[in-house]
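Enquirer: Dropping a structure here in structure tokens format, bear with me for questions.
The values are calculated or read from the model by the stated rules, or taken from the named source; none is laboratory data. These numbers were taken from a predicted model, which means no experiment stands behind them. Every residue, glycine among them, receives a Cβ derived from its backbone with ideal geometry; neighbour counts consider all protein chains shown. All accessible areas refer to the heavy atoms of the entire protein, side chains included, with ligands and DNA or RNA removed. Shrake-Rupley method; radii C 1.70, N 1.55, O 1.52, S 1.80 Å.
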Amino acid sequence: MFAMLALLLLAAALFSLCMGASGISLWAGLWDVLQGVDSAPARIILHIRLPRTLAAMLAGAALSCAGVIIQGVLSNPLAGPNVIGVNAGAGLTTLLLAALVPSAVVLLPAAAFAGALGASLLILFLADRMGASRMTVVLAGVAISSMLGAGSDLLTTLNPEATQDMSSFLIGGFSGLTAVRLRSAAWYVLPALAAAHLMAGDLDILGLGDEVAASLGMHVRRTRVLQLVVASILAGGAVSFAGLLGFVGLIVPHAMRRLVGGEHRCLMPVSMLGGAALTTLCDLLARTMFAPYEIPVGILLSLMGGPFFLWLLMYRGRREARG
Amino acid sequence: MIRLEDVTFAYQDEPVLRGVSCTLEDGCLTAVIGANGSGKSTMLRLCAGQLRPGSGRVLAEGREAAAYAPKAFARAVAYLPQNRPMPMISVRSLVSHGRFPYLGMTRRMHPEDEAAVDRAMEVCGVSALASRELRTLSGGQRQRAYLAMLMAQGSQNLLLDEPTTYLDVRHQLELMTLLRQLRDEGRCVLTVLHDLRQAAACDRVLVLEQGNIIFDGPGSGLYGSGALELAFGIRAVPGAEAGFVPVKMAPDGI
């Protein structure tokens, strides 16, 4: 499964490099890149498609891993960074920074991280406080998510100039991508991805329930917070350059759990690959389907991901009904 | 060995344990029985270090839980709560989690950890189920898998909260046999039970009533002690050790 997803990702990345609005030959372009020739195809590949492909891969991987962590920490398959307000929190602080200090591009990931962390800790606090049945936590998350989303909307309504280039941000997509944003986010996201993998086994222990986890000698609360910090860096980092890409963080962990089971040491890398492949493919479609016009990838992800997710749920329903 | 010294505990203002003292020896299978709300599970959680006593002391191997690092405590005391979520993992993974208190930062299992897991699965009869998903097992198989996890933990003291609930009679008996095996290995086993016959077959029985121990003695002495009347409002029918009749009705008729 791992190898298959890796191949799929590789294929998606290659297609993403060679297809686009302008019909250039990949091989000619790549050859020029490798030779160091400064041709038009080389420039398109190097400066437009490569960053974009990398961005799609990074955002997909980060959001999927964040989803795995959040679902694991809250032991709740309905949770996801976009459902419980983690993305919305990151979005709000990003917009706020962009509106107040437009020049502070390098700080965008940090602002997004702060927003994501704030939202996830708030959820954790509420979950603790309410003794939290799974449904309550999700409902609280939905409430927080829509509050933070309303904050973002208010900001764009009151201050349309400062947030003008942010309209695609709210839907999520890579059209406004700049190399600076991608690079500054990568500094946060890549180490967080590594940390997510190293800490994946602990999610299995948390999955045994608080009492069992504590009786095995785990610092349950500390582990939860640490995991959520990593998830917040991942989601915040992704949001800072890809906008509010919903859904990836919810559906990819689900789909992968179907394929490889619930053990996080396996689920984490598989979700990372799956999320990267899915986002890359969606971005490819988003910019080629109606070329030279392009639809924000966030729209496409929801359009395609929604039915796929429903199909998954129905398939599970049937399987469980059969016993 | 676990020792409770005049332990009290209250949830908010509601006292649950009112001065409980006892010493649970190694190589002894002890059952705790009592009506709902009598403090059985609370007593177990206190022994497991999950709750801190309001007053008095709980000592595991002679030291208070707070004096241990969490993993060191887990190596001394293993605890199986009654209610647990059902993770999507295989039996082998579950049993492997029992080794968590022995793993370092990398969480890498060493050969001796694998050996402990293999042995625990064998003793509990779940080796053949190793690769099966937990949720595809029957209740009895699942309970044995959890017991294997507890065994893999290798702790001297084992605490189980109603491990036989939801099991049919045969699986209940199998589980009790397993607990006796663990006792024979010299461990200190403490289990909350609902079934009086199984409790009476244990080495030692504690009967809790409103947070007090009202009977502490060998299982064979349970029926004649009068403790069942106090704790449950029932008494054993003379000559028919396995049968019970109600002697008084609770006000709500149950």
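Enquirer: Scattering from the C-alpha atoms of region A:1-112 alone, worked out with Debye: what is log10 I(q)/I(0) at q = 0.11, 0.16, 0.20 1/Å?
Expert: With one equal scatterer per Cα and no solvent, log10 I(q)/I(0) is -0.57, -0.93, -1.04.
Enquirer: A further question on this structure: For the protein assembly as shown, treating each Cα as an identical point scatterer without solvent, what Debye log10 I(q)/I(0) comes out at q = 0.07, 0.11 1/Å?
Expert: Debye output, listed in q order: -0.52, -1.00.
Enquirer: Please give the helix A:50-73 orientation as an angle from the longest Cα principal axis of chain A, in degrees from 0 to 90, rounded to the nearest 10.
Expert: 0
Enquirer: While we're on this one: Please name which of B:ALA69, B:LEU103, B:PRO85 has its Cα lying farthest along the dipole of region B:64-120 towards the positive end, using unit charges on Cβ (Lys, Arg +1; Asp, Glu -1) and the Cα centre as origin.
Expert: B:PRO85
Enquirer: Is the shape of region A:211-323 best called rounded, prolate or oblate, per the rule: a/c under 1.5 gives rounded, else a/b larger than b/c gives prolate, else oblate, with a ≥ b ≥ c the square roots of the Cα gyration tensor eigenvalues?
Expert: oblate
Enquirer: Moving on. Within chain B, which is the longest segment containing none of the GluC sites (Glu not before Pro) that sit in a DSSP loop and have at most 13 other Cβ atoms within 10 Å?
Expert: Here the longest run is B:26-184.
Enquirer: Same structure again: Quick check: at a probe of 1.4 Å, how many percent of the accessible area of chain A sits on carbon and sulfur atoms?
Expert: 71
Enquirer: Something else about it: What are the ³J(HN,Hα) values, in whole Hz, obtained from phi via the Karplus relation 6.51 cos²θ - 1.76 cosθ + 1.60 with θ = phi - 60°, for each residue of region A:118-129 in sequence order, with x given for Gly and Pro?
Expert: x, 5, 6, 5, 4, 4, 4, 4, 5, 4, 5, 5
Enquirer: Which distance in nm do the two modelled labels at A:ASP38 and A:ARG129 give, with both placed 7 Å along the Cα-to-Cβ direction?
Expert: Reported label-point gap for A:ASP38 and A:ARG129 is 5.9 nm.
Enquirer: Read phi for every residue in region A:237-252 and hand back ³J(HN,Hα) as whole Hz from Karplus 6.51 cos²θ - 1.76 cosθ + 1.60, θ = phi - 60°, with x for Gly and Pro.
Expert: x, 5, 5, 5, 10, 10, x, 7, 6, x, 6, 4, x, 8, 7, 5
Enquirer: Which is the longest stretch in chain B that no exposed loop site breaks, taking sites as trypsin sites (Lys or Arg not before Pro) with a DSSP loop state and at most 13 other Cβ atoms within 10 Å?
Expert: B:109-247
Enquirer: Taking 0.36 nm per residue of separation and subtracting the Cα-Cα distance, what length does fully extending A:LEU46 through A:ARG258 add?
Expert: 72.6 nm
Enquirer: Still on this structure, please answer the following. If I stretch the segment between B:HIS194 and B:MET109 completely, what's the gain in nm (0.36 nm per residue apart, minus their alpha carbon distance), one decimal?
Expert: 26.9 nm
Enquirer: Taking only Cα atoms, what is the 0 to 90° angle, nearest 10, from helix A:134-158's long axis to the longest principal axis of chain A?
Expert: Value to nearest ten degrees: 40.
Enquirer: With +1 on the Cβ of every Lys and Arg and -1 on the Cβ of every Asp and Glu, and nothing else charged, how large is the dipole of the protein assembly as shown about its Cα centre, in debye rounded to the nearest 20?
Expert: Charge dipole, the protein assembly as shown, about its Cα centre: 780 debye, nearest 20.
Enquirer: Okay, helix-only estimate at 222 nm for chain A: each DSSP H run of n ≥ 4 adds -39500 (n - 2.57), divide by all residues, round to 500 deg cm²/dmol; what do you get?
Expert: Here the helix-only value at 222 nm equals -25000 deg cm²/dmol.
Enquirer: Further question on the same structure: Determine the dipole magnitude for region B:98-217: charges of +1 sit on the beta-carbon of Lys and Arg, -1 on that of Asp and Glu, nothing else is charged, the reference point is the Cα centre, and the result goes in debye to the nearest 20.
Expert: That gives region B:98-217 a dipole magnitude of about 280 debye.
Enquirer: Per residue, how many Å² of accessible area does the protein assembly as shown show with a 1.4 Å probe?
Expert: Each residue of the protein assembly as shown exposes 44 Å² on average to a 1.4 Å probe.
Enquirer: Oh, and also: Note down the nm distance, to one decimal, between modelled labels 7 Å out along Cα→Cβ at A:ARG183 and at B:THR8.
Expert: Taking the simple label geometry, A:ARG183 and B:THR8 are separated by 6.7 nm.
Enquirer: Here is a further query. At a Förster radius of 25 Å, what calculated FRET efficiency corresponds to the Cβ-Cβ distance of A:LEU107 and A:MET289, to the nearest 0.05?
Expert: So the FRET efficiency works out to roughly 0.10.
Enquirer: Hey, got the average number of other protein chain Cβ atoms within 10 angstrom for residues in B:73-80?
Expert: For peptide B:73-80, the averaged partner shielding equals 3.
Enquirer: Let me ask something else about it. Specify the angular offset, from 0 to 90 degrees and rounded to the nearest 10, of the alpha carbon long axis of helix A:86-100 from the longest principal axis of the alpha carbons in chain A.
Expert: 50
Enquirer: Expressed in nm to one decimal, what extension gain is obtained for the pair B:ARG132 and B:SER55 from 0.36 nm per residue of sequence separation less their Cα-Cα distance?
Expert: Computed gain between B:ARG132 and B:SER55 is 23.2 nm.
Enquirer: Computed on protein heavy atoms with a 1.4 Å probe, what is the summed buried accessible area for the chain pair A and B, in Å² to the nearest 100?
Expert: 1900
Enquirer: Which distance in nm do the two modelled labels at A:VAL142 and A:LEU226 give, with both placed 7 Å along the Cα-to-Cβ direction?
Expert: Computed distance between label sites A:VAL142 and A:LEU226 equals 3.4 nm.
Enquirer: Suppose only helical runs count, i.e. DSSP H with n ≥ 4. What mean residue ellipticity at 222 nm does that imply for chain B under -39500 (n - 2.57) per run, divided by all residues and rounded to the nearest 500 deg cm²/dmol?
Expert: Only helices count here, giving -8500 deg cm²/dmol.
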